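The values are calculated or read from the model by the stated rules, or taken from the named source; none is laboratory data. What you see is a predicted model; the values in this text were computed from it and never measured. For neighbour counting, all protein chains shown are included, and Cβ atoms are generated from backbone atoms with ideal geometry for every residue, glycine included.
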Amino acid sequence: MIERCLIFLLFLTGFHAIIVRKNVIKKVFGLGIINSAVVILFILEGSRSGNSAPIIQPGVQDVVDPIPQALMLTAVVIGVCLTALALTLVYRLYTHSLSLHIDEIRRKIHDTTH
Amino acid sequence: MIQHTDLIFAPALLPLIGAAAAFCAKSLRGKTSRYLEIAAGCTGLVLPFFALFLLYKSTLYGAVYKGVIGNWYNDVGISYRFDGISWLINFLGFIIALPAWIYAQSEKDTKTFTPLFLIQTAAVGAMAMCADIFNLFVCLEIMGIASYILVASSAKPGAFLASFSYLMISASAMVFFLFGVYGFYRLTGSLSYDSIALGLSLLPDNGGHAAVISLALITGAVVIRVAVMPLYGWLPDAHALAPHAVSAVLSGVLIKTPLFALSRVVDILPSGRAAGELMGYAGAVTAFLAAVISLSQSDVKRLLAYSSISHIGYIVCAWGAAVHAGTHTPEGRILMSAAFGHAVFHAAFKGLLFLSVGITADRTGNRDITALRGAVKFLYRNGEKIPVTFPAFCIGFFSICALPPFNGFLSKSSISLLLAGNWQNVFLIAAGVVTIAAFIRLARIYFPDKNVPSPTYTPLASSTSGSVYISQIFLSLICLCSGLFGPFLLHTFSRILSGGLREWPFSARSFYTIPGIIKIIFYSAAGFGLYTLSNTHSVNRVLYLIKERPRSFDGLFTAFGLGLAATAAWMLFR
């Protein structure tokens, strides 16, 4: 149970960063943290059936469920792509508005276009 | 000999092969690079039509191709299912993607655009045959990543912010989607829709609250992509600031594909019907409110973007009613056919409007509805000796205003006839009236106005590329043909969705009745009246306040949280 509480805490930390923090880089960090929280949750789920590596050989018992691990490998790759793309966009926004504050960026873009 | 069981992968694989070839073209120079890029585009966007043509007959008679990729065990491998709805989603995707890609060839540098566009199209093809909940997540993410880049590719500062907001809200929503996947996997140990449904049916109370909340999380995450109110905040900027070809595909295809893919997911649980009911209500309200907001806009593309939200409201309203009635019941299938009919017809006329209005704004260098006038003359003076853009706009205009015999009239009428007597229909009719007013306002940009100074006519350095005209003519023909043969097309969509059954209740005579035509005249007059009213000072002031209503990044997440909580509560306590 304690593991799940910690994962929930981790998720809340990331979600707090996305919603409350005004710095766009911290928002991207928040996205990375909530991604990590869900990855750990799946890995924890996979370990319910055991902790041994899922290489079926005589004498090997209580192996982890490999499917959540396989799923999370995909999710991690997607998460890395999203973080890289988000940081690229942050860089472009910064070069235009010389600020990382989301409201300031929005205001400057609004002023430019109107 | 290629079997149908192989052909079903063509709509996903051919665009991917094309994307690989287009990436290779980036490393080459000169004409070789250009030829390879065009070959890649044709491979990814033209060849799939042949596959769909070959699959048409079997799909029409209810053939369903299902299995596990690589012949793995059902619980381990990725399940797929190609049926009528898959065929239709692919048809929708390719019929709009092809003219959009042709239009984009007018840009100077398409070497980055083509591979990304093909990857996005491949994701639509893959999503159409998803029968595995994790694979749906992957398809949504691939489609999302390609579209974030394509939105930002217009290189405007506003486009970067729109893309960033779109990315952050979608990616965060997909984390909730994964929580939903976790819930189902924990309950059933399965990922394929059929296995999850079977596993849940063996559990007491179908998995109880945990299953319902898992489904609500998945539904909420997908609905973000569909942009139903209140989860629409990312869309207006993304669609308004993207390159025109991308706007056409975003509005025509990408906001609808996840909705139809979701119809299989909500079937997993009986409480999925409640989710459909709530979404149907949200769709009706969305159709009206978004139409009102579109009337208040002064940017030509932003008006079109809000109009897209309004029309997705129509589609979601019919879709929600179909899910609520049960997608396996005749009533549900007919409503789903009407929803799909409007999805296809809207994709055609909105794509056409985005392209024609987009090129007008580009050529005149003005996007302001209140300041741009006399665009027809401007286009003529700048080389469009045979008018294409204005007639194309007119076809889109008549279609979106639902005037007979254009396609919008048929699809909106079929939804209205099916929902007659429900309060949602009142909202949809009101939305139609406001849409007419908004598009009369937009159409003013093409005509001179004695109260607005005419723009200075300066000859442009470059002439408009032929691909711009070809794409507009292509979409105009689709709009005209789908208007003339609309009753037959809607009947065919219904047959494909119902596995060959002739359930569609309407013929051409059902639409062209005297009371029906009188209603259309009345609604058009009401739309014109509203347009006249919108020019008065007091109404103009109200519209200005609607346009300048406060919007923030955090608001997107608040709306998502509220939407998610409302969906879960409705499904639990309904």
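The table for this structure:
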| read-out | value |
| --- | --- |
| Matching helices (runs of 4 or more DSSP H) fully within region B:341-451 where at least 2 residues are within 22 Å of the chain's Cα centre (by Cα) | B:389-400, B:407-418, B:423-443 |
| Subset of region A:95-114 (residues that are facing chain B (nearest Cβ under 10 Å), surrounded by fewer than 16 Cβ atoms within 10 Å (Cβ to Cβ) and assigned to a helix (DSSP H, G or I)) | A:T95, A:D103, A:H110, A:T112, A:T113 |
| Wholly within region B:1-91, helices (runs of 4 or more DSSP H) carrying at least 2 residues that are of a type in the set (A, V, I, L, M) and in contact with a helix residue (DSSP H, G or I) (Cβ under 6 Å, 6 or more places away or on another chain) | B:10-27, B:30-45, B:47-60 |
| Residue match in region A:60-68 (condition: buried (at least 20 other Cβ atoms within 10 Å of the Cβ), facing chain B (nearest Cβ under 9 Å) and free of Cβ contacts under 8 Å to residues at least 60 places away in the same chain) | yes |
| Residues located in region B:150-185, provided they are β-branched (V, I, T) and facing chain A (nearest Cβ under 7 Å) | B:V175 |
| B:Y61 crowded, with 19+ Cβ neighbours inside 10 Å, in contact (Cβ under 8 Å) with a residue 12 or more places away in the chain and of a type in the set (F, W, Y) | no |
| Residue that is farther than 23 Å from B:A123 by Cβ, buried (at least 23 other Cβ atoms within 10 Å of the Cβ) and aliphatic (A, V, I, L, M), where the choices are B:A284, B:A210, B:A238, B:A274 | B:A284 |
| Condition check for B:G70: out of contact with any Lys or Arg (no Cβ under 9 Å at 6 or more places or on another chain), closer than 17 Å to B:L16 by Cβ, of a type outside the set (A, V, I, L, M, F, W, C) and within 14 Å of chain A (Cβ to nearest Cβ) | yes |
| Residue match in region A:48-55 (condition: touching a residue at least 24 places away in the same chain (Cβ under 8 Å), in a helix (DSSP H, G or I) and within 10 Å of chain B (Cβ to nearest Cβ)) | no |
| Any hit, region B:98-120, residues being within 11 Å of chain A (Cβ to nearest Cβ) and either under 21 Å from the mean Cα position of the chain (by Cα) or surrounded by fewer than 24 Cβ atoms within 10 Å (Cβ to Cβ) (or both) | no |
| Any hit, region B:35-45, residues being at pLDDT 90 or above and under 16 Å from B:L92 (Cα atoms) | yes |
| Single residue of B:G62, B:G70 found to be at positive phi and under 26 Å from the mean Cα position of the chain (by Cα) | B:G62 |
| Criterion violated by B:A216 - all others in (1) away from chain A (no Cβ under 14 Å); (2) surrounded by fewer than 23 Cβ atoms within 10 Å (Cβ to Cβ); (3) over 19 Å from the mean Cα position of the chain (by Cα) satisfied | (2) |
| Candidates B:V124, B:V46, filtered to the one that is surrounded by fewer than 20 Cβ atoms within 10 Å (Cβ to Cβ), over 22 Å from B:E503 (Cβ atoms) and in contact (Cβ under 8 Å) with a residue 24 or more places away in the chain | B:V46 |
| Region B:127-149, residues that are more than 9 Å from every other protein chain (Cβ to nearest Cβ), in contact with a Leu (Cβ under 9 Å, 6 or more places away or on another chain) and hydrophobic (A, V, I, L, M, F, W, C) | B:M127, B:A128, B:C130, B:I133, B:L136, B:M143, B:A146 |
| One residue from B:S471, B:S538, B:S510 being polar (S, T, N, Q), away from chain A (no Cβ under 14 Å) and over 29 Å from B:T59 (Cα atoms) | B:S538 |
| Filter pass, A:L71 being facing chain B (nearest Cβ under 7 Å), under 30 Å from B:G189 (Cα atoms) and either at pLDDT 90 or above or part of a helix (DSSP H, G or I) (or both) | yes |
| So B:S201, is it among the hydroxyl-bearing types (S, T, Y) and either at the interface with chain A (Cβ under 9 Å from one of its Cβ atoms) or in contact with a strand residue (DSSP E or B) (Cβ under 6 Å, 6 or more places away or on another chain) (or both) | no |
| Matching residues in region A:1-19 - criterion: being within 8 Å of chain B (Cβ to nearest Cβ) and surrounded by fewer than 18 Cβ atoms within 10 Å (Cβ to Cβ) | A:I19 |
| Checking B:A159 against (1) modelled with pLDDT of 90 or more; (2) under 20 Å from the mean Cα position of the chain (by Cα), the condition it does not meet | (1) |
| Helices (runs of 4 or more DSSP H) wholly inside region B:486-574 that include at least 3 residues being in contact (Cβ under 8 Å) with a residue 40 or more places away in the chain and closer than 30 Å to B:G332 by Cβ | B:486-497, B:514-534, B:553-573 |
| Odd one out for B:V468 among (1) crowded, with 23+ Cβ neighbours inside 10 Å; (2) at pLDDT 90 or above | (2) |
| Selection count, region B:92-111, where residues are farther than 30 Å from B:K57 by Cα and part of a helix (DSSP H, G or I) | 2 |
| Filter result for A:A37 (within 10 Å of chain B (Cβ to nearest Cβ), touching a residue at least 40 places away in the same chain (Cβ under 8 Å), within 22 Å of the chain's Cα centre (by Cα) and surrounded by 14 or more Cβ atoms within 10 Å (Cβ to Cβ)) | no |
| Only one of B:V228, B:V246 that is buried (at least 24 other Cβ atoms within 10 Å of the Cβ), in a helix (DSSP H, G or I) and either out of contact with any helix residue (DSSP H, G or I) (no Cβ under 6 Å at 6 or more places or on another chain) or modelled with pLDDT under 90 (or both) | B:V246 |
| Region B:193-214 residues that are within 19 Å of B:D75 (Cα to Cα) and free of Cβ contacts under 8 Å to residues at least 24 places away in the same chain, paired with ones that are among the β-branched types (V, I, T) and surrounded by 13 or more Cβ atoms within 10 Å (Cβ to Cβ) (beta carbon under 7 Å, 6 or more apart) | B:G199/B:T188 |
| Any hit, region B:375-385, residues being surrounded by 18 or more Cβ atoms within 10 Å (Cβ to Cβ) and of a type in the set (K, R) | no |
